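K.L.:
Attaching a single structure in structure tokens format; questions to follow.
The values are calculated or read from the model by the stated rules, or taken from the named source; none is laboratory data. All values derive from a computational prediction rather than experimental measurement. Note that each Cβ is placed from the backbone with ideal geometry, even for glycine, and that neighbours are counted across all protein chains shown.
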Amino acid sequence: MDRFPKESVNHYILEKLHLTNDSKVDDILKITNDLCGLQATGTFEPYVYLFSRKKGFRKEELDKELYKTKSLLKVRGMRNTMFIVPKIDAPLIHKATNYLKENRFEGFFNYSDFIRKEYDELESKVLQVLKNESLTAAEIKKRIDSDRNISIIISLMCDKLLLVRDKAPNGWKDRRNTYTLMKNNFPDLNFQDAEEIKAIQSLLLRYIKSYGPVTEQDIAWWTGLTKTKVKNAIDSIQPHIERINLFDEIHYIEKSDLESFKNISPQKTPIINLLANLDPYLMGYKNRKRFIHDAIYDFVFDRSGNATTTILLDGIVIGIWDFQSKPDPIVKILLFESQTKEILNDIKKQAKLIGEFILEQDVKVQKCSNPEPLTKRSAGTFMRPLKNC
């Protein structure tokens, strides 16, 4: 019998990631910091990540930190993916993952008909247009009167930290961004002084602290860094971490967490969570057998490893969920195995709460069946797993 049962490890990580009632806090900056950032691939998902973790979360709280106090900002980071990160951590994350962005920049010229001179000219025009304004990509394109794909130019300029994504014109569900100059919004941020090696070491320590115990494979997956960079960084931070054998694999955990980890025990009352797609609990690991059975894996993760909306029982995936606003506001739930009446009622209660948070109106809960594997569907369908239910 394993010294650390799966149930105990799951409870330990649920606690660390603020997914138990006892671990929920009132500080969204702490939550964002403890998760090493909120993946911001989608528009509304970061709000749902916080809804699942903060007591009484209101959408305007995240908007305030992003656009008023500016304690948070959106940058491309781990896995070359957009993240909302604490302002204080942005330089470290940028430096640790910058070579991923540099590769993206160089790849742009290899796989498009742009030449460097044309890019430089458009970059200069965009900077001039945004000198004292915040505009959408469509507004920028109109101002510089170009028939070229300005959106990709703007995206690359954000990668270079010339621009930063600002408030969406029509609220939290609007998939558009406005853009402004980084130096105007964050004049005190210094992205130049950090050293890449030290930045990677710091990032790994932060990740291990937040998500540990983790494997070397988990680290490489979550960061997007090469195995060589990861291995070198692990070797250099050995004094701060411990190796433990967990589920027949070597895992790493921060030394200061080892004692609390050894004393973990399963939660006595069931813990139920409804998580948005790409939630950190699922996306934080490459090795996922701890929280999902092989038989349902293809219904939860697509071919690229993207996680859909999930229902957890004690940290283990037992179902998926979805929502629709028209013709009627509904939250759909699908369970892979039958559950007790008490568990089902709790799931329905939470489904109603999360549905009303997203749709901002009263919703009904509907059970679904016969899902189609995400691995057999087109890219992006992980965002709406029960659309055709």
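K.L.:
Report the residue count in region 353-371 for those that are loosely packed, with under 15 Cβ neighbours inside 10 Å and either part of a loop (DSSP other than H, G, I, E, B) or in contact with a Ser or Thr (Cβ under 6 Å, 6 or more places away or on another chain) (or both).
P.N.:
5
K.L.:
Please determine, by comparing only the residues of region 109-133 that are modelled with pLDDT of 95 or more and under 24 Å from Phe83 (Cα atoms), which one is surrounded by the fewest Cβ atoms within 10 Å (Cβ to Cβ).
P.N.:
Only one residue fits best here, namely Leu127.
Each row is one residue, and each column tells you yes or no for (1) free of Cβ contacts under 8 Å to residues at least 12 places away in the same chain; (2) among the polar types (S, T, N, Q); (3) at positive phi.
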{"residue": "Trp321", "(1), (2), (3)": "no, no, no"}
{"residue": "Val331", "(1), (2), (3)": "no, no, no"}
{"residue": "Glu337", "(1), (2), (3)": "no, no, no"}
{"residue": "Asn345", "(1), (2), (3)": "yes, yes, no"}
{"residue": "Ile358", "(1), (2), (3)": "no, no, no"}
{"residue": "Lys364", "(1), (2), (3)": "no, no, no"}
{"residue": "Cys368", "(1), (2), (3)": "no, no, no"}
{"residue": "Thr375", "(1), (2), (3)": "no, yes, no"}
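K.L.:
Would you confirm, using the coordinates I've provided, whether Val129 is under 19 Å from the mean Cα position of the chain (by Cα) and aliphatic (A, V, I, L, M)?
P.N.:
no
K.L.:
So, in region 304-330, of the ones that are hydroxyl-bearing (Ser, Thr, Tyr) and in contact with a Pro (Cβ under 7 Å, 6 or more places away or on another chain), which residue ends up farthest from Tyr49 (Cα to Cα)?
P.N.:
Thr308
K.L.:
Looking only at residues in region 14-27 that are surrounded by fewer than 22 Cβ atoms within 10 Å (Cβ to Cβ) and hydrophobic (A, V, I, L, M, F, W, C), which one is farthest from Lys262 (Cα to Cα)?
P.N.:
Among residues in region 14-27 that are surrounded by fewer than 22 Cβ atoms within 10 Å (Cβ to Cβ) and hydrophobic (A, V, I, L, M, F, W, C), the one farthest from Lys262 (Cα to Cα) is Val25.
K.L.:
Please determine, by comparing only the residues of region 312-334 that are of a type in the set (Asp, Glu) and touching a strand residue (DSSP E or B) at 6+ places or on another chain (Cβ under 8 Å), which one is surrounded by the fewest Cβ atoms within 10 Å (Cβ to Cβ).
P.N.:
Asp328
K.L.:
Right, another one. Scan region 28-59 for residues that are closer than 21 Å to Ser256 by Cα and either outside the structural domain of Leu72 (by TED's automatic domain parsing) or of a type in the set (Lys, Arg) (or both) and report the count.
P.N.:
Residues meeting the conditions: 1.
K.L.:
Another question, if that's okay. So in region 234-249, with the set limited to residues that are out of contact with any helix residue (DSSP H, G or I) (no Cβ under 9 Å at 6 or more places or on another chain) and assigned to a strand (DSSP E or B), which one is modelled with the highest pLDDT?
P.N.:
The extreme case among them is Arg243.
Results for (1) part of a loop (DSSP other than H, G, I, E, B); (2) outside the structural domain of Tyr207 (by TED's automatic domain parsing); (3) more than 20 Å from Gly355 (Cβ to Cβ), shown as yes or no for each residue.
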| site | (1), (2), (3) |
| --- | --- |
| Asn273 | no, yes, no |
| Tyr285 | yes, yes, yes |
| Phe299 | no, yes, yes |
| Gly305 | yes, yes, yes |
| Trp321 | no, yes, no |
| Lys332 | no, yes, no |
| Ser338 | yes, yes, yes |
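K.L.:
Out of the residues in region 287-297 meeting the condition of being part of a helix (DSSP H, G or I) and of a type in the set (A, V, I, L, M, F, W, C), tell me which one is surrounded by the fewest Cβ atoms within 10 Å (Cβ to Cβ).
P.N.:
Here the residue is Ala295.
K.L.:
Looking only at region 179-196, decide whether some residue is in the same structural domain as Val75 (by TED's automatic domain parsing), β-branched (Val, Ile, Thr) and free of Cβ contacts under 8 Å to residues at least 40 places away in the same chain.
P.N.:
no
K.L.:
Ok, one more. With the requirement that a residue be more than 18 Å from Tyr179 (Cα to Cα) and among the hydrophobic types (A, V, I, L, M, F, W, C), what does region 102-152 give you?
P.N.:
Within region 102-152, Phe105, Phe108, Phe109, Phe114, Ile115 meet the criteria.
K.L.:
Identify, by number, the condition in (1) charged (D, E, K, R); (2) out of contact with any Gly (no Cβ under 9 Å at 6 or more places or on another chain); (3) outside any helix (DSSP H, G or I) that Lys198 doesn't meet.
P.N.:
For Lys198, the failing item is (3).
K.L.:
Condition first: in contact with a Lys or Arg (Cβ under 7 Å, 6 or more places away or on another chain) and either more than 28 Å from Thr269 (Cβ to Cβ) or of a type in the set (S, T, N, Q) (or both). Can you find one or more residues in region 366-374 that meet it?
P.N.:
Within region 366-374, one or more residues are in contact with a Lys or Arg (Cβ under 7 Å, 6 or more places away or on another chain) and either more than 28 Å from Thr269 (Cβ to Cβ) or of a type in the set (S, T, N, Q) (or both).
K.L.:
Output the number of the condition that Ser112 fails; it satisfies all remaining conditions of (1) out of contact with any Pro (no Cβ under 8 Å at 6 or more places or on another chain); (2) of a type in the set (Gly, Ala, Ser); (3) within 27 Å of Glu45 (Cβ to Cβ); (4) free of Cβ contacts under 8 Å to residues at least 60 places away in the same chain.
P.N.:
Unmet condition: (3).
K.L.:
In addition: Kindly check whether there is at least one residue in region 201-210 that is outside the structural domain of Lys16 (by TED's automatic domain parsing) and either over 21 Å from Val85 (Cβ atoms) or of a type in the set (Val, Ile, Thr) (or both).
P.N.:
Yes: region 201-210 contains one or more residues that are outside the structural domain of Lys16 (by TED's automatic domain parsing) and either over 21 Å from Val85 (Cβ atoms) or of a type in the set (Val, Ile, Thr) (or both).
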